[in-house]
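Chemist: Handing you a structure now.
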Amino acid sequence: MGADPLGQIVILNGVQRSGKTSIAQVVQETFPGVWMNIGVDAHIRCTPPAFRPGVGLRAQQPEWAVPVPGRVPLEVLEQHLPVLYAALYESVAAHARLGLNVVMDVGHHDAYSKPLRILPDCARRLAGLPVLFVGVRCPVDVLWERREATWGQVRGEVDAGATGSVLLGVDAIHAHGGYDLEVDTSVLSPEACAEVIRKRLAEGPPGSRFAEIARE
């Protein structure tokens with residue numbers, strides 16, 4: 001009896017409110033086969049409250065961080081990030097090696113108090129597995145429209161730290177040098193983005209960007 005086929009991994013990388021979660025939901029609900037949704041939101045729910053947001057820590061300057069009662073300081077959380085990400089990606093790898101497909105929504109960046117080089121380590125943990133690295137893009141103006149609709153945050157009326165964090169996040173999360181595929185959620189619906197991903201998986205070429213990052 002031959003080995004079970006490997007599961008496909010689709011990684012959706014983008015800033016908060018860019019539309020990653022909506023795309024992941026469509027993938028999970030409409031793609032053939034079993035698709036496990038293992039991403040930032042699921043991992044945060046597994047993380048002890050004192051260490052949240054864990055892998056969901058946004059790109060920000062340390063001086064912008066406001067201490068949250070009951071949570072560890074930013075510098076302490078940063079020390080735990082490499083192993084938290086390692087655990088997340090080892091879980092994804094385990095699912096794929098057992099033949100389960102995985103879609104994960106993340107926001108990879110290296111805008112911490114010092115570079116942690118987490119993305120290359122994560123890429124190495126998926127070595128030998130089929131990975132499609134998808135950049136989820138969205139213009140800053142649209143991001144602010146969504147933040148206002150969801151949280152009531154109006155651009156120009158929030159503090160400078162929040163505004164700077166959004167702008168830094170857009171630059172930092174897409175600073176690693178390219179994707180296998182990119183989608184723009186300001187012009188495509190989650191369903192249309194998922195269809196672009198499905199077509200790429202069906203027609204190829206297979207993803208190669210994560211293997212390149214692993215070698216960097």
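The values are calculated or read from the model by the stated rules, or taken from the named source; none is laboratory data. These numbers were taken from a predicted model, which means no experiment stands behind them. Neighbour counts run over all protein chains shown; Cβ positions are idealised from the backbone, glycine included.
Chemist: Scan ALA93, ALA42 and give me the residue that is modelled with pLDDT of 95 or more and under 27 Å from ALA194 (Cβ atoms). Show your work before the answer.
Modeler: Values: ALA42 fails: modelled with pLDDT of 95 or more.
The match here is ALA93.
Chemist: Go over the candidates VAL166, VAL158, VAL183 one by one and state the one that is outside any helix (DSSP H, G or I), hydrophobic (A, V, I, L, M, F, W, C), crowded, with 16+ Cβ neighbours inside 10 Å and at pLDDT below 95. Let's see the steps before the verdict.
Modeler: On the way: VAL166 fails: outside any helix (DSSP H, G or I); VAL183 fails: at pLDDT below 95.
When all the criteria are applied, what remains is VAL158.
Chemist: Can I ask one more? Only one residue in TYR89, TYR85 is under 20 Å from PRO5 (Cα atoms), of a type in the set (Phe, Trp, Tyr) and free of Cβ contacts under 8 Å to residues at least 40 places away in the same chain, so which one is that? Explain how you work it out, then say what you get.
Modeler: On the way: TYR85 fails: under 20 Å from PRO5 (Cα atoms).
Only one candidate qualifies: TYR89.
Chemist: Moving on. Specify which of the listed residues (CYS122, CYS138) is under 13 Å from the mean Cα position of the chain (by Cα) and buried (at least 18 other Cβ atoms within 10 Å of the Cβ).
Modeler: Details: CYS138 fails: under 13 Å from the mean Cα position of the chain (by Cα).
Going through CYS122, CYS138 in turn, the sole match is CYS122.
Chemist: Continuing with this model, one more query. Hey, could you check the range 87-113 for residues that are within 12 Å of the chain's Cα centre (by Cα) and in a helix (DSSP H, G or I) and say which is surrounded by the most Cβ atoms within 10 Å (Cβ to Cβ)?
Modeler: Of the residues in the range 87-113, the ones within 12 Å of the chain's Cα centre (by Cα) are 88-89, 103-109.
From what is left, the residues that are in a helix (DSSP H, G or I) are 88-89.
On the way: LEU88: 22, TYR89: 24.
Here the answer is TYR89.
Chemist: Can ALA50 be described as in contact with a Lys or Arg (Cβ under 7 Å, 6 or more places away or on another chain), free of Cβ contacts under 8 Å to residues at least 24 places away in the same chain and outside any strand (DSSP E or B)? Walk me through it before giving the result.
Modeler: Values: in contact with a Lys or Arg (Cβ under 7 Å, 6 or more places away or on another chain): yes; free of Cβ contacts under 8 Å to residues at least 24 places away in the same chain: yes; outside any strand (DSSP E or B): yes.
When the stated conditions are applied, ALA50 passes them.
Chemist: Considering LEU143, LEU116, LEU132, which residue is modelled with pLDDT of 90 or more and either within 17 Å of THR21 (Cα to Cα) or not in a loop (DSSP other than H, G, I, E, B) (or both)? Write out each step before concluding.
Modeler: Working: LEU143 fails: modelled with pLDDT of 90 or more; LEU116 fails: either within 17 Å of THR21 (Cα to Cα) or not in a loop (DSSP other than H, G, I, E, B) (or both).
Exactly one residue qualifies, and that residue is LEU132.
Chemist: Modelled with pLDDT of 95 or more, at negative phi, more than 12 Å from the chain's Cα centre (by Cα) and part of a strand (DSSP E or B) - does that describe any residue in the range 14-29?
Modeler: No, the range 14-29 contains no residue that is modelled with pLDDT of 95 or more, at negative phi, more than 12 Å from the chain's Cα centre (by Cα) and part of a strand (DSSP E or B).
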